[in-house]
1. Which is surrounded by 15 or more Cβ atoms within 10 Å (Cβ to Cβ) and either outside the structural domain of Asp150 (by TED's automatic domain parsing) or small (Gly, Ala, Ser) (or both), of Ala112, Ala95?
2. Does at least one position in the range 220-241 carry a residue that is of a type in the set (Lys, Arg), touching a residue at least 40 places away in the same chain (Cβ under 8 Å) and surrounded by fewer than 16 Cβ atoms within 10 Å (Cβ to Cβ)?
3. Could you say whether any residue in the range 352-375 is modelled with pLDDT under 95, touching a Pro at 6+ places or on another chain (Cβ under 7 Å) and surrounded by 12 or more Cβ atoms within 10 Å (Cβ to Cβ)?
4. Name the residue that is modelled with the highest pLDDT, counting only residues in the range 218-242 that are under 26 Å from the mean Cα position of the chain (by Cα) and over 18 Å from Glu205 (Cβ atoms).
5. Out of the residues in the range 255-275 that are of a type outside the set (D, E, K, R) and free of Cβ contacts under 8 Å to residues at least 60 places away in the same chain, state the one that is surrounded by the most Cβ atoms within 10 Å (Cβ to Cβ).
6. Kindly indicate the residue of the range 317-351 that is of a type in the set (Asp, Glu) and under 13 Å from Leu268 (Cα atoms) and also nearest to the chain's Cα centre (by Cα) among those meeting that condition.
7. Could you tell me which of the residues Glu119, Glu105 is at pLDDT below 80, acidic (Asp, Glu) and either surrounded by 18 or more Cβ atoms within 10 Å (Cβ to Cβ) or assigned to a helix (DSSP H, G or I) (or both)?
Amino acid sequence: MSQTPPPPMTAHRIFVMLAAGFMVLLGGITALLAIDQHRAMVSAEQLQAQTVPEIIRLQRLARNLDHLRHEGERIFSATTPDARQQALYLVMLVASHPGIQEHAEAAEVARATEAFLTEAVRRSGGEAGVDGSRLNEWKLISGRLGLLVDDISVQSAHLAANDLAQISETLRVARIKLAAALLLVIAFLAGTIHQLSRHLIRPLERIDHALSSLDVNGPPPEFPPTQLPEIHAVENAVRRLHAAQVNNEAVRRELEELANRDGLTGLLNRRHFMASAEAELKRAERYGRPVVVALADLDFFKSLNDTHGHAAGDRVLQAFAQLMRDSVRSTDLIGRYGGEEFAFLFPESGVEQASALVERFRHRFATEPVHLDNGVAVRVTVSIGLADASGRPLEVALHAADQALYAAKRGGRNRVMVAGSEE
């Protein structure tokens with residue numbers, strides 16, 4: 001009996017396992033640190049009874065001195081006499097504090113500070129601010145207060161040096177344990193990152209690269225096998241996206257072709273011909289190259305429609321369009337200008353070269369019959385007008401070609417006429 005294969009290792013299961021492992025590891029580390037913390041607290045409670053009160057007294061003294069300096073700063077930053085008087089009152093109150101008076105050096109500095117600030121306030125009178133010339137002197141006094149605060153803080157720290165030796169030893173052991181725990185955490189995280197990089201990050205990078213380089217003209221993206229079904233699903237979605245893009249591009253090209261082409265003849269419609277011709281004329285003007293435009297009109301086309309019907313007219317238009325496609329170069333532009341009228345643009349061609357080309361397919365069209373759907377063969381001729389478009393706007397060149405076309409009509413039809421040679 002065949003065994004059922006185990007379920008695939010999904011990303012959710014992997015993350016749950018990693019989270020559980022990390023929580024177990026973190027819980028063990030926390031328990032070790034909690035034990036060391038308890039030992040440190042027990043050692044702290046064993047500090048000598050006389051040391052703690054002394055430390056508290058020195059800290060209060062340092063705080064009072066710092067408060068004295070702070071109120072002095074307020075006197076110099078105050079903008080009103082009332083604010084300065086209030087700050088001076090607090091200076092006098094702090095300077096007379098018993099904790100400061102019990103400390104000889106602190107008492108001396110406090111008296112000097114009180115005297116200096118009292119004199120500064122007295123001289124300021126009702127002015128908006130204290131005389132700025134005394135600011136430098138205050139900075140010296142403030143610096144002395146700061147140094148004294150630091151000295152007292154250091155002195156209070158040294159008082160507990162012996163009693164804190166045991167605490168330091170406990171913390172040293174705790175640091176060793178913490179370092180070992182951190183190494184374990186780093187190893188765990190390194191392994192986790194490696195697995196995440198292998199099974200998640202790198203596949204996502206490949207997916208990102210595939211998405212950024214999707215090309216409708218290229219092959220569908222390929223991915224190496226993956227163990228995570230979620231990644232596999234995203235890769236399949238990328239393949240489907242590429243297939244959809246290819247299909248959309250085909251539809252877009254088809255719609256663009258329909259928008260730019262005449263539905264009957266398959267030639268460029270008038271709008272797209274004019275846009276393409278404008279761009280070609282600008283290129284020719286930029287590089288100083290020759291270019292020729294032409295207009296062609298089927299002769300007696302209305303009579304053909306009246307005699308054989310509009311379906312016959314459409315067949316003749318299609319035959320003429322096919323003859324044009326077979327006769328011109330791939331770089332030449334042909335468009336249905338309207339009705340039975342067609343427009344041409346011949347880049348890199350002079351008037352003589354273009355005239356010889358259109359003369360050949362004019363003659364060919366006039367001599368080859370067009371077979372209608374009912375089996376009737378008709379012969380149709382075409383009149384063509386050419387104009388040099390080099391260095392002139394498209395509308396002007398087409399107008400000149402149109403004048404030449406009408407000259408060909410007046411001259412008997414079934415001929416090619418170049419603008420400027422109508423006479």
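The values are calculated or read from the model by the stated rules, or taken from the named source; none is laboratory data. Keep in mind it's a predicted model, so treat the numbers as computed, not measured. Here the Cβ positions follow ideal geometry from the backbone for every residue, glycine too, while neighbour counts run over all protein chains shown.
1. Step by step, each of Ala112, Ala95 is checked, and only Ala95 is surrounded by 15 or more Cβ atoms within 10 Å (Cβ to Cβ) and either outside the structural domain of Asp150 (by TED's automatic domain parsing) or small (Gly, Ala, Ser) (or both).
2. no
3. There is no residue in the range 352-375 that is modelled with pLDDT under 95, touching a Pro at 6+ places or on another chain (Cβ under 7 Å) and surrounded by 12 or more Cβ atoms within 10 Å (Cβ to Cβ).
4. Arg240
5. Ranking the candidates gives Asn260 first.
6. Initial filter on the range 317-351 (of a type in the set (Asp, Glu)): 326, 332, 340-341, 348.
Among the residues that remain, those that are also under 13 Å from Leu268 (Cα atoms) are: 332, 341.
Numbers: Asp332: 41, Glu341: 50 Å.
The residue in question is Asp332.
7. Glu119
A quick yes/no check of all residues on (1) of a type in the set (Gly, Ala, Ser); (2) under 13 Å from Val382 (Cβ atoms); (3) without any contact (Cβ under 8 Å) to a residue 60 or more places away in the chain:
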{"position": "Glu280", "(1), (2), (3)": "no, no, no"}
{"position": "Gly288", "(1), (2), (3)": "yes, no, yes"}
{"position": "Val293", "(1), (2), (3)": "no, no, no"}
{"position": "Ala296", "(1), (2), (3)": "yes, yes, no"}
{"position": "Ala312", "(1), (2), (3)": "yes, no, no"}
{"position": "Leu317", "(1), (2), (3)": "no, yes, yes"}
{"position": "Ala321", "(1), (2), (3)": "yes, yes, yes"}
{"position": "Met324", "(1), (2), (3)": "no, yes, yes"}
{"position": "Gly338", "(1), (2), (3)": "yes, no, no"}
